[in-house]
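Just so it is clear, none of the values below were taken in a lab; they were calculated from the coordinates. Please read all numbers here as calculations on a predicted model, not as lab measurements. Because the Cβ atoms are built from the backbone with ideal geometry, glycine has one as well, and the counts that use them run over all protein chains shown.
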Amino acid sequence: MSDQTSPSQEIILETHDLTVAYDKKPVLYGIDVSIAPGQLVGIMGPNGAGKSTLIKAIMGLLEPIGGWIKIFGEPNKSQRKRVAYVPQRREVDWDFPVTVMDVVLMGRYGHLGLFKRPGKRDRDIAMEALEKVNMIPYAGRQISNLSGGQQQRVFLARALAQESDLYLMDEPFVGVDAATESTIIDLLQELRSQGKTILVVHHDLPTARRYFDSLILLNLRLIAYGPVEEVFKEELLQRAYGGRLTILSEVADATGEKSKVDLSAKR
Amino acid sequence: MTRVLRYGQPFLILLILAFVLPSEAHAAKISELVEVDLGDQFFRFFSLQDAAIRHILLGCLFMGINFGLLGSFVVVRRMALVGDTLSHAVLPGVAIGFLFTMSKEPWAIMLGATLAGLLGAATVSWIQRSTKLKQDAALGMVLASFFAVGICLIKMIERIPSVNKSGLDHFFYGQAAALGRSDLWMMGGTAVLSTVIVILLYRPLLATSFDQVFARSIGLPERLLFHLLMFLLALATVVALQAVGALMVSAMLITPATTAFLLTKRMHLMLILATGLAIAAGMLGAFLSFVGEGLVSHALPTGPSMALSAGGFFLLVFLFSPHHGMVFRYRRRLSQTRQITVENTLKAIYRTMESDKFQEEGISVRRLAGDARETFEETMKRLRLLVRDGLATFATTRGEVIYLTPDGLQHASRVVRNHRLWELYLTNEADYDADHVHADAEKVEHILGEDQVMELERYLDYPEQDPHGKRIPSLRDTQRLPLRDLAVKEKEVDS
Amino acid sequence: MKASLTLSLLLGLLLTSCTKSTRTESPDVIATTTMIADMVRVISGDDVSVGALMRPGVDPHLYKASPADVSKLNQAKVIFYNGLLLEGKMEDLFERLATDGKAVHAVSDAVPRENRLAPKNSEGHPDPHIWGDARLWASTVDAVVEQLSTSFPDHTEDFQGRGEGYKVALESLHRWATKRVTEIPANRRKLVTSHDAFAYFGKAYGLDVIGVQGISTASDPSVADRTRMVDFIKDNGITAIFVESSVNKTLIEQIAADANVSVGGELFSDAMGEPGDMRTVNGDTYDAGTYIGMLKHNVNAIVEALR
């Protein structure tokens, strides 16, 4: 069903027949995508479509019950140092007693291993990352004093400090101010121009067309994948967000937990 | 004579009773034989001459390290109840350890208790994973049922013949008095283990505690580190049972760490502070319990004394810490309120002087009271604040007249200036109507900083009049000038 | 999975332990402590079945009756208990049984008021550890014989005969113990133990008794108690202190270590040894599971350690 991008020798991320389940109930079915480097890819779909699930599976945080994921042609779990993940901002406790700098330095931990301390180089990288998100003045500040937009920038800086080739971001634009949103999108475009690939879970249709090169349209299964202008079509969007439930979601419904598959279209 | 008899009667009865009542024992418990007073106990405690006191202080040191380090992680991970559950869940392990060896072998009891604690923790996460129950429900269930099993097993053991099992109940409440070398070895070993692990794995522990999903995404063994933390927690709980008892362990684990959390916003400082507080609370508790013996015949139990000391520290910090302390917050609010009163009074005097075109230096208190629609006394009360701050003086000769000092006039000009600039800003830039701006300016005038005022002035292109046509005191006015200059300027505005 | 398995195992263990204790046949006479049970057994011979509620090594101060105990007590014809609040947690139960018409007899009732000891700060509650004095213990025999005879009139004569014999045995035990204690130099006749259970014993045989705890083990000793006891031991040149079979040993062991004295041995205070626990001292062999053997053991242990 999916529209493949032009076949390329260089594929940064490839999934084949990827099926992921929560508590044995599948929430993603048979996803096939292969993504070329240097792209800004939006992952879109209604609530409960499996957007976050997809990137968590790519990160190896969820175990697929079928199919496989390859990053740079290797199994995903062996490539952790080349992948940076930005979780949803609300998933952590912002009263945690750490400073902005502490959090950004955590981006280096994957490279440091369990016992090594961050050195000057790590600090420089972290500082550089903070500078890119305009957060240098806040480096020593405790994270509970930050606004939503600033929190998101801290997370972004942490991902930048990882110096990865593939970035996976879970709803980075939720609850941030306009200034932060434009800072983030500028930064993502800069990353892309450096040949990095960025996958962003996004839920705002109007901005999606401007922000992304290509889109993954999800609703439990892959509705479409391709350049924005090809995917952003009434018929496809209707299929992803449309009011009627697909057979798949009815099955999912029948197996329980309706809240996760609330498919009532939401703008 | 008769009087003596009348008063003698009760003595007689007592004398008879003394013969009838059971005779005095010629055995006693030690606390009746050796009397102590407060001073003795006090010096004795600090002389460290007793092994008992050295043991308990050493125990406090080791326990404090365990509780401070592990408690901090427990608190920032928001799993305080987990510590509580763990301390209750170890009890069946104590009993099973005993059943295995049929004696109170420390290693068997420790092993059993640690395993039971971990089993309890595992049961919690198992219940959470396999049902839709929230953590608090799972913790509550495990806590109660493990504790119940523990009590049942211990009661069962009490019925087993011929083994000396007495003292198992001490694991509930602890018996600090019986703290011995083997207990200290176990505590010390655990403290060293905790310290080494926390220092070596500080960063991974920090990252996994802050953001589990991210930590896993960069390949940190998040589950393993969590289990390691739980294992250390179980060990720390078990070795502390003898000293403070299962019921007080969680208090010692959570309270110092929570106190430290209020005091600092850096994890490594929190670890150090929590450790210090836990050690101090333990030692203070031991001290109170020991010295308290000189005050009351029945000693304060050691475990609860320690927990109470920890609670006392928390209360102190909660009340008096510089940033979050209730007392400071209250005083800050109080002083803010006072400041606002002072400034409003200054402004009122300025306005009255202004309406006189600054011809009179002294202002009648009655007039001020009348303008403010207050009683004379209320106004006097406010004016006395100014006098106390050196902003005004009362004229004694003419009575009931207030004079602003140069400082007072300067301060008054500044407040009026702030007020009027803000009004102007609101009308010009925010499209407020001139009659809507006063209330807002009333609040803002007190909080505008020097820099903001200057910026405001620049922004408004150095205005001279507010929206109501009143003169805005200039920057120079606010920097001391004789009253007659104001009078001259007032005329200029008028003309 | 594992957790539930372990849990169910534990539960199974608990259940079997309960059923086991209810299945045993209910005796006609129930005595609370092992000392009382021993006396009643001696007096009643094989004529009636006698059961003890508490097993050897059980602390009567803290003992609570289980449901199985209550049913045993309900089925028994006669109940003997110590009284004077020894069985502090069961006092109410005995009162209730007595008002229900059950023959409930407190052995200590036979001890006249003037012979009872009351420690300081006990608010007039007499010390219950009356069995420490063999002669005093013997004075309770008659009342037990009488009670048994009322409930089992067929055996009255047997009871009386055996009671007289027991009194003689106890009297000779008393004389033996008195003589044996004199082997300790007078200035060293000081007995330090966990709790104050040896007041009658000390008075009868001329020993000063000092316990870390009071007459009940229910109150917890403090750190200050430990330091005071160490002082006392040092000040009085005491060379050995004693643990008790039914009280936690660790504190006494710590005190002995602190004061650098030896633990003189384990005394039976509130419970006797296991029946058949044969001991031989100076060619005299006795069973620590009987009252006489227990007292002999205590005296021998104290004398050997302090001599």
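Values computed for the structure shown
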{"item": "Helical mean residue ellipticity (222 nm; -39500 (n - 2.57) per DSSP H run of 4+; nearest 500) of chain A", "result": "-10000 deg cm²/dmol"}
{"item": "Rounded if a/c under 1.5, otherwise prolate or oblate - the protein assembly as shown, Cα gyration tensor axes", "result": "oblate"}
{"item": "Rg/Rh ratio calculated on Cα atoms of the stretch C:185-306 (Kirkwood radius)", "result": "0.96"}
{"item": "Per-pair calculated FRET efficiency, R0 = 22 Å: B:ARG331 and B:ARG388 via Cβ, rounded to 0.05", "result": "0.85"}
{"item": "Gyration tensor (alpha-carbon) shape descriptor, the stretch C:100-229, a/c threshold 1.5", "result": "oblate"}
{"item": "Helical contribution to [θ] at 222 nm, DSSP H n ≥ 4, -39,500 (n - 2.57), averaged over chain C, rounded to 500", "result": "-14000 deg cm²/dmol"}
{"item": "Rough spin-label spacing in nm, given labels placed 7 Å along Cα→Cβ, for C:THR182 and B:MET141", "result": "7.2 nm"}
{"item": "Of A:LYS81/B:LYS265; B:LYS155/C:LYS72; A:LYS25/A:LYS56; C:LYS249/C:LYS296; A:LYS56/A:LYS81; B:LYS29/C:LYS249, those spanning more than 27 Å from alpha-carbon to alpha-carbon", "result": "A:LYS81/B:LYS265"}
{"item": "Relative contact order (%) - criterion: Cα under 8 Å, at least six apart; region: the stretch C:20-171", "result": "23 percent"}
{"item": "Relative contact order computed over chain C (Cα-Cα under 8 Å; 6+ residues apart), in percent", "result": "16 percent"}
{"item": "Average projected area [Cα convex hull, chain A], square nanometres", "result": "14.3 nm²"}
{"item": "Against the rule of thumb 2.2 N^0.38 Å, how large the Cα Rg of the stretch A:1-122 comes out", "result": "1.23"}
{"item": "Local electrostatic count, A:PRO97, Cβ distance below 15 Å [Lys/Arg +1, Asp/Glu -1]", "result": "+2"}
{"item": "Gain on full stretching of the segment that runs from B:LEU133 to B:PHE46 - 0.36 nm per residue minus C-alpha separation", "result": "26.2 nm"}
{"item": "Qualifying aspartates and glutamates (Cα of each under 14 Å from Cα of B:LYS357; at least 8 residues distant if same chain)", "result": "B:ASP485, B:GLU490, B:GLU492, B:ASP494"}
{"item": "Karplus-derived 3J(HN,Hα), 6.51/-1.76/1.60, for each residue of the stretch B:49-63, Hz, glycine and proline x", "result": "6, 8, 4, 4, 6, 4, 4, 6, 5, 5, x, 4, 4, 5, 5"}
{"item": "Whether the stretch C:197-269 is rounded, prolate or oblate, judged on the alpha carbon gyration tensor where a/c under 1.5 counts as rounded", "result": "rounded"}
{"item": "For C:ASP127, distant residues with modelled amide H under 5 Å away", "result": "C:LEU117, C:ALA118"}
{"item": "Modelled FRET efficiency - R0 51 Å, B:TYR432 with B:ARG223, Cβ distances, 0.05 increments", "result": "0.30"}
{"item": "About the Cα centre, charge dipole magnitude for the protein assembly as shown (Lys/Arg +1, Asp/Glu -1 at Cβ), debye", "result": "1240 debye"}
{"item": "Other-chain or far-sequence residues with amide H under 5 Å of C:VAL209's (modelled H)", "result": "B:ALA28, C:LEU191"}
{"item": "Formal net charge of residues neighbouring C:HIS129 (Cβ-Cβ distance under 15 Å; K, R +1; D, E -1)", "result": "-3"}
{"item": "Mean projected area in nm² (Cα convex hull; one quarter of hull surface) for the stretch B:277-422", "result": "14.9 nm²"}
{"item": "Counted charge near C:VAL263, where neighbours are those whose Cβ lies closer than 9 Å (Asp, Glu -1; Lys, Arg +1)", "result": "-1"}
